[in-house]
Amino acid sequence: MTTPFYITTPIYYVNDVPHLGHAYTTIVADALARFHRMRGQDTRFLTGTDEHGQKVEEAAKKRGLTPQQLVDQVAPRFDECWKQVGIDGYRFIRTTDAKHKKVVANLWHRIRERNPEDIYLTTYQGWYCVGCEAFYTESQLVKDGESWNCAVHKRPVEWIDKERSWFFKLSKYTKPLLDHIAAHPDFIRPQQYKNEIVSFLEKEGLRDLSISRTSFAWGIPAPDPDPEGHAHVIYVWMDALTNYYSDLCGADGALESADAMKYFPHAIHLIGKDILRFHSVYWPAFLMAAGLPLPKSILAHGWWTVRGEKISKSMPATRIDPAVLAGALAVGPLGYSIGIDAMRYYLMREVPLGNDGDFTFESLFGRFNADLANDLGNLVNRSLTLISKFAADFPPAEDQTLFAAGENPHWQLEVHAFQATNLVAKELELCAPSKALEQLWKLIGQANRYIDQTQPWAMAKAKDPALPHTLWCLQRSLWTIAQMIAPVLPATSQTLLGWLGDSAPARWPEGVQGRVFTLAPAAIATDATPSVLFPRLDEPMQAKIVTAVAGEYAAGASAAPADTPAPAPKAAKPVEAAKPEAAGPITYDDFAKLELRVGKVLTAQPVPKKDRLLHLTVDLGEGKPRTIVAGIAEAYKPEALVGKQVIVVANLAPRKLAGLTSEGMILAAGDEAILGLSAVDADVPPGTRVR
Ligand code: MSP
């Protein structure tokens with residue numbers, strides 16, 4: 001029986017929409033899960049959403065929604081996004097799932113049963129960052145004039161003044177954690193992050209941790225009553241971290257489920273470095289206190305940045321939508337799936353896991369043209385063209401005598417392919433996709449050189465009896481490569497295997513006695529005309545891609561038109577649909593053409609069958625209210641809009657939307673659920689001009 005493989009991503013906060021940074025974690029986890037599945041391992045892959053906490057409660061209130069309504073609207077975005085970018089075979093957990101709530105309560109009870117002194121009541125006083133949902137000491141914050149700012153969010157933190165709270169005796173676990181890390185060298189990876197945690201534990205030690213809040217209600221209720229009668233909800237990180245365990249439990253929430261015992265000790269928690277401490281200190285300490293097994297590894301990766309800024313919600317100009325990027329790269333006959341593969345390849349190849357990476361179009365196009373179009377694309381094209389051209393007269397066939405002759409190009413290619421199956425696998429086992437790809441591309445280079453060396457076209461001309469063997473070797477190395485690219489380039493792999501006459505799901509080519517596993521009988525149609533999988537991106541194409549992607553994230557930074565109709569599914573968006581680049585400076589006369597007026601929303605109702613649209617009537621002081629159709633239904637409940645003052649572009653040509661004529665546009669900032677309507681700070685009459 002093979003060892004189970006269990007990989008998790010962090011569960012994403014629902015106050016954001018998925019961006020390339022989130023996609024990176026999920027894509028790496030997906031590639032590793034695919035690899036282990038290909039090797040026949042019992043593989044489990046978990047992702048999901050983190051839905052409780054103060055910031056969700058605040059965001060919902062602002063929008064006139066209950067927190068549950070807000071999270072129900074936003075959580076599916078992540079699931080949809082992962083489906084759009086081809087993430088496969090995952091389970092999706094939400095912290096509002098009933099089973100998860102039971103498991104969190106059971107974990108609390110278990111800690112109290114085993115270590116009654118580990119959870120106790122007192123009062124908390126100190127700084128709290130709502131963005132991180134974390135408590136900080138002043139030494140962890142940045143002083144900015146009068147206020148203390150969070151180092152991650154660069155915004156002031158909140159002072160919590162003597163809030164009654166349950167505490168967890170984290171201080172007791174400094175030594176047990178250090179011992180565990182010493183006994184399990186792979187517990188925190190890569191090394192630099194292990195060093196960081198060890199030095200933190202050794203130098204600073206741990207203080208007890210507040211694990212409940214009373215000043216808001218959106219969370220899992222603390223299972224024990226407070227003698228003073230306060231209602232506590234469990235600290236959002238204790239709740240969230242437990243997801244990795246709760247997904248393995250049965251509906252009753254019992255902690256000792258068969259799946260938990262089977263998979264959890266093999267868990268690899270893939271995370272961004274920003275949440276290292278929560279995973280490598282708090283989480284194992286909770287588990288130790290409960291007497292439960294610890295995960296196998298905490299695997300931290302670095303941050304993706306754009307022009308040096310971390311891709312994040314608070315930096316709208318950095319936010320790249322993964323589905324838009326994949327759509328923009330959807331060139332060539334396979335379209336969107338090649339866009340996905342190219343994005344996956346770039347993310348995994350460009351940066352060794354653990355390091356930060358700066359997203360640039362230059363490096364993206366460089367990788368695309370050099371690695372995918374030139375190296376892989378050319379190999380595929382040349383090999384298949386040669387094989388199909390000569391197969392009628394020289395059907396590919398193995399010639400044992402040529403292998404037996406030892407040192408020759410055929411033998412070298414064979415040995416190289418065999419070694420690659422082991423080297424690439426080893427790197428993937430170590431969760432190092434960038435190094436795995438480096439090894440794999442060496443083999444691709446070797447196969448390209450093989451064609452240059454053997455010159456099958458010249459062999460055909462000379463009727464060389466070694467040609468069938470040469471074609472066989474080419475076919476065989478291509479098949480090996482087609483299998484090994486599957487974790488990172490699943491669509492390319494499938495297409496290629498199809499062209500090679502292999503329709504079975506990808507499986508890892510294992511080496512036996514110095515040879516790659518025998519090739520399944522391949523039936524390459526002699527008339528097969530392979531298409532170019534990755535066409536070279538020329539300058540006009542590159543410009544279109546930049547516009548499609550950069551236009552999209554630049555829009556997040558500025559006031560997005562609120563009545564933009566629901567976009568067509570992103571997956572289908574061709575490069576041609578790119579937005580025009582932002583105009584340069586405009587004159588006052590240009591601006592004066594816009595008639596911006598204050599409007600007051602009189603009525604608001606949903607538009608049947610259009611989830612994102614609301615049908616509003618807005619008073620612009622003209623006697624007859626205007627009909628405006630706005631794409632804001634995901635952010636606002638109709639009731640929350642009635643009576644609101646908004647800014648309307650009043651001289652926009654009327655436009656038909658969902659069968660209604662929209663007679664203006666409401667200004668808003670942000671997108672979809674994370675959207676704010678532009679505000680008017682004074683009670684001015686409807687129709688007042690905004691200048
Ligand atoms: N909800 C918590 C995690 C709880 S896990 C028990 C959280 N959520 S998050 O949505 O803010 O971020 C989750 C993860 O997204 C990060 O840890 C990281 O894996 C990924 N990333 C978010 N921005 C990123 C980059 N700019 N670059 C790389 N990964 C990034 O924290």
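Can you give the % of DSSP beta bridges in the chain that are antiparallel, to the nearest 5?
70
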query: Around Phe167, which amide H atoms from residues at least 5 apart in sequence, or from another chain, sit under 5 Å from its own amide H, with H modelled in the peptide plane?
result: Tyr120, Leu121, Thr122, Ile211
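What does the charge count around Lys461 come to, taking other residues whose C-beta lies under 15 Å from its C-beta (Lys +1, Arg +1, Asp -1, Glu -1)? Mind showing how you got there, number by number?
Working: positive: Lys389, Lys463; negative: Asp393, Asp464.
Charge balance in the 15 Å sphere: 0.
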message: Just to confirm my understanding: which cysteines in the chain have no other cysteine beta carbon less than 4.7 Å from their beta carbon?
response: Cys81, Cys249, Cys431, Cys473
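Of all accessible surface on the stretch 43-118 at a 1.4 Å probe, what whole percent is carbon and sulfur? Write out the running numbers ahead of the final one.
Details: 1410 of 2980 Å².
Heavy-atom surface of the stretch 43-118 belonging to carbon and sulfur, 1.4 Å probe: 47 percent.
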- request: Give, as ranges by residue number, the residues of the stretch 388-420 whose backbone N falls under 18 Å from the point 7 Å along Cα→Cβ of Lys461.
  value: 389-391, 394
Phi-based couplings in Hz for the stretch 95-109 (Karplus 6.51, -1.76, 1.60; Gly and Pro marked x): 6, 8, 5, 4, 4, 4, 4, 5, 5, 4, 5, 5, 5, 4, 4
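Based on the Cα gyration tensor of the stretch 306-404, what are the three equivalent ellipsoid semi-axes, each the root of five times an eigenvalue, rounded to whole Å and given largest first?
Working: eigenvalues 309, 52, 19 Å².
Semi-axes, largest first: 39, 16, 10 Å.
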task: Could you please state, rounded to a whole Å, how far the C-alpha centre of the stretch 383-415 is from the C-alpha centre of the stretch 270-339?
output: 43
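With Cβ to Cβ distances under 15 Å as the rule, what net charge do the other residues near His230 carry (K, R +1; D, E -1)?
Working: positive: Lys162, Arg164, Arg213; negative: Asp161, Glu163, Asp224, Asp226, Glu228.
Around His230, the surrounding residues sum to -2.
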field: Among beta bridges that DSSP assigns inside the stretch 5-310, antiparallel share in %, nearest 5
entry: 50
message: Suppose each label sits 7 Å from its Cα in the direction of the beta carbon; what would the Glu510-Lys609 distance come out to in nanometres?
response: 5.4
- request: Compare the peptides 534-544, 102-112, 261-271 by average per-residue count of other Cβ atoms within 10 angstrom and give them in order, highest first.
  value: 102-112, 261-271, 534-544
- request: Sort out for me the Cα centre separation of the stretch 1-56 from the stretch 340-360, rounded to whole Å.
  value: 17
- request: Could you list which residues have their amide H under 5 Å from that of Trp304, counting only those 5 or more apart in sequence or on another chain, with H placed in the peptide plane?
  value: Ile311, Gly357
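Just the accessible area per residue of the stretch 360-535, please: how many Å² with a 1.4 Å probe? Could the numbers behind the result be given before it?
Numbers: 7320 Å² over 176 residues.
I get 42 Å² per residue for this part.
Is the C-alpha gyration tensor of the chain telling us rounded, prolate or oblate? Criteria: a/c under 1.5 is rounded; beyond that, a/b larger than b/c is prolate, otherwise oblate. Write out the running numbers ahead of the final one.
Details: a/c = 2.43, a/b = 1.31, b/c = 1.86.
It is oblate, given that a/c is not under 1.5 and a/b is not larger than b/c.
Counting alpha carbon pairs within less than 8 Å and at least 6 residues apart, what relative contact order, in whole percent, applies to the stretch 360-535? Working shown, then result.
On the way: 201 pairs, mean separation 60.2, N = 176.
Across the stretch 360-535, relative contact order equals 34 percent.
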message: What do you get for GluC sites (Glu not before Pro) in the stretch 383-485 restricted to DSSP loop and a cutoff of at most 11 other Cβ within 10 Å of the site's Cβ?
response: Glu407
message: Between helix 20-38 and the chain, what is the angle of the helix's C-alpha long axis to the longest principal axis, kept within 0 to 90° and rounded to the nearest 10?
response: 40
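Under the rule a/c < 1.5 gives rounded, and otherwise a/b versus b/c splits prolate from oblate, where does the stretch 5-310 land using the Cα gyration tensor?
On the way: a/c = 1.24, a/b = 1.16, b/c = 1.07.
Rounded, because the longest to shortest axis ratio a/c is under 1.5.
Starting from the stretch 13-63, pick out the trypsin sites (Lys or Arg not before Pro) whose DSSP state is loop and whose Cβ has at most 11 other Cβ atoms within 10 Å. It would help to have the intermediate numbers written out before the result.
On the way: sites: Arg34, Arg37, Arg39, Arg44, Lys55, Lys61, Lys62, Arg63; in loops: Arg39, Arg63.
Those that pass, being in a loop and sparsely packed, number zero.
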message: For Lys203, Lys435, give me the order by solvent-accessible area with a 1.4 Å probe, most accessible first, ignoring ligands, DNA and RNA.
response: Lys203, Lys435
message: Rolling a 1.4 angstrom probe over the protein chains, ignoring ligands and nucleic acids, what is the accessible area of Leu334 in square angstrom, nearest 10?
response: 50
task: Leaving ligands, DNA and RNA out of it, work out the accessible area of Asp208 with a 1.4 Å probe and give it in Å² to the nearest 10.
output: 40
query: So what does the Cα-only Debye profile of the stretch 588-677 read at q = 0.15, 0.18 Å⁻¹, as log10 I(q)/I(0), no solvent term?
result: -0.53, -0.76
message: Quick check: the distance between the Cα centres of the stretch 92-141 and the stretch 361-379, to the nearest angstrom?
response: 47
statement: Residues whose built amide H sits under 5 Å from the amide H of Thr43, excluding neighbours closer than 5 in sequence, are Phe5
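Would you mind calculating the gained length between Asp179 and Ala404 on full extension (0.36 nm times residue separation, minus the Cα-Cα distance), in nm to one decimal?
75.6 nm
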task: Please go through the stretch 173-263 and write out the GluC sites (Glu not before Pro) that DSSP classes as loop and that have at most 12 other C-beta atoms within 10 Å.
output: Glu204, Glu228, Glu256
query: Using 0.36 nm per residue, how much length does the chain from Glu80 to Val142 gain when fully extended, once their Cα-Cα distance is taken away?
result: 18.6 nm
The stretch 5-310 - charge dipole about Cα centre, Lys and Arg +1 at Cβ, Asp and Glu -1, debye rounded to 20: 620
Mean Cα-pair separation over length for the chain, i.e. relative contact order, pairs under 8 Å, 6 or more apart, %: 12
- request: Using a 1.4 angstrom probe on the protein heavy atoms only, line up Thr47, Thr401 by accessible area, largest first.
  value: Thr401, Thr47
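Counting each DSSP H run of 4 or more residues in the chain as -39500 (n - 2.57), what helix-only mean residue ellipticity at 222 nm follows after dividing by all residues, to the nearest 500 deg cm²/dmol?
When only DSSP H runs of four or more count, the value is -11500 deg cm²/dmol.
Would you work out if the stretch 354-410 is rounded, prolate or oblate? Take a ≥ b ≥ c from the square roots of the eigenvalues of the alpha-carbon gyration tensor; rounded if a/c is under 1.5, else prolate when a/b is larger than b/c, oblate otherwise. Walk me through the numbers before you get to the answer.
Values: a/c = 5.23, a/b = 2.10, b/c = 2.49.
It is oblate, given that a/c is not under 1.5 and a/b is not larger than b/c.
Given a Förster radius of 45 Å and the C-beta distance between Val690 and Ala217 as r, what FRET efficiency does 1/(1 + (r/R0)^6) yield to the nearest 0.05? Kindly include the intermediate steps, with their values, before the conclusion.
Numbers: r = 38 Å, r/R0 = 0.84.
Plugging the Cβ-Cβ distance into 1/(1 + (r/R0)^6) gives 0.75.
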field: Set of lysines with alpha-carbon distance to Lys143 below 20 Å, sequence-local pairs under 8 removed
entry: Lys154
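The values are calculated or read from the model by the stated rules, or taken from the named source; none is laboratory data. Since we're looking at a predicted model, the values are computed, not measured. No Cβ is skipped: glycine too gets one built from the backbone with ideal geometry, and neighbour counts run over all protein chains shown. These accessible areas exclude ligands, DNA and RNA; they are computed on the full protein's heavy atoms, side chains included. Shrake-Rupley method; radii C 1.70, N 1.55, O 1.52, S 1.80 Å.
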